[in-house]
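The values are calculated or read from the model by the stated rules, or taken from the named source; none is laboratory data. What you see is a predicted model; the values in this text were computed from it and never measured. Cβ sites come from the backbone with ideal geometry, for glycine too, and all protein chains shown count toward neighbours.
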Amino acid sequence: MKESEHVQVCQRTERKEERVKLRNMKTGEIGLTFGCTEAGETIQVQLENGQLDSWDPADCEEVPM
C-alpha cells in the first residue's frame, strides 16, 4: 500500500469510524481496520476469526467490501 493510500485508510478509520477491509499480501489474511498507531507505523485490524493484529501498511491492500 502506498503512503497516500495508508493515510486515506487511517483517516477513514479514525475520523469517519469506517471499517476498511484489507488483505495482508504476505499471509493472505483478511481483516477490518479498527485503528492506526499514533506514529502511523501499523494498521490495527480485526481478523475474520475475531483475533486482533497489527499490520505493516506496505504488506496491505484494500479489498472491496
Scanning the stretch 1-46 for residues that are touching a Ser or Thr at 6+ places or on another chain (Cβ under 8 Å) and among the hydroxyl-bearing types (Ser, Thr, Tyr) gives 13, 33, 37, 42
Residues in the stretch 34-45 that are touching a residue at least 24 places away in the same chain (Cβ under 8 Å) and surrounded by 13 or more Cβ atoms within 10 Å (Cβ to Cβ) total 2
So, in the stretch 1-23, of the ones that are basic (Lys, Arg) and part of a strand (DSSP E or B), which residue ends up surrounded by the fewest Cβ atoms within 10 Å (Cβ to Cβ)?
21
Any residue in the stretch 12-33 that is in contact (Cβ under 8 Å) with a residue 12 or more places away in the chain and within 15 Å of residue 57 (Cβ to Cβ) sitting within a Cβ distance under 7 Å of a residue that is of a type in the set (Asp, Glu) and in a helix (DSSP H, G or I)? List the pairs, counting only those 6 or more apart or interchain.
24/59; 25/59; 26/59
Reported set for the stretch 24-53 where residues are assigned to a strand (DSSP E or B) and either under 8 Å from the mean Cα position of the chain (by Cα) or modelled with pLDDT under 95 (or both) is 31, 32, 33, 34, 35, 36, 43, 44, 45
Considering the stretch 54-65 alone, what residues qualify as being in a strand (DSSP E or B) and either in contact with a helix residue (DSSP H, G or I) (Cβ under 6 Å, 6 or more places away or on another chain) or in contact (Cβ under 8 Å) with a residue 24 or more places away in the chain (or both)?
55, 60, 61, 62
Identify all residues within the stretch 16-39 that are closer than 18 Å to residue 2 by Cα, in contact with a helix residue (DSSP H, G or I) (Cβ under 7 Å, 6 or more places away or on another chain) and of a type outside the set (Lys, Arg); write none if there are none.
20, 24, 25, 33, 35, 36
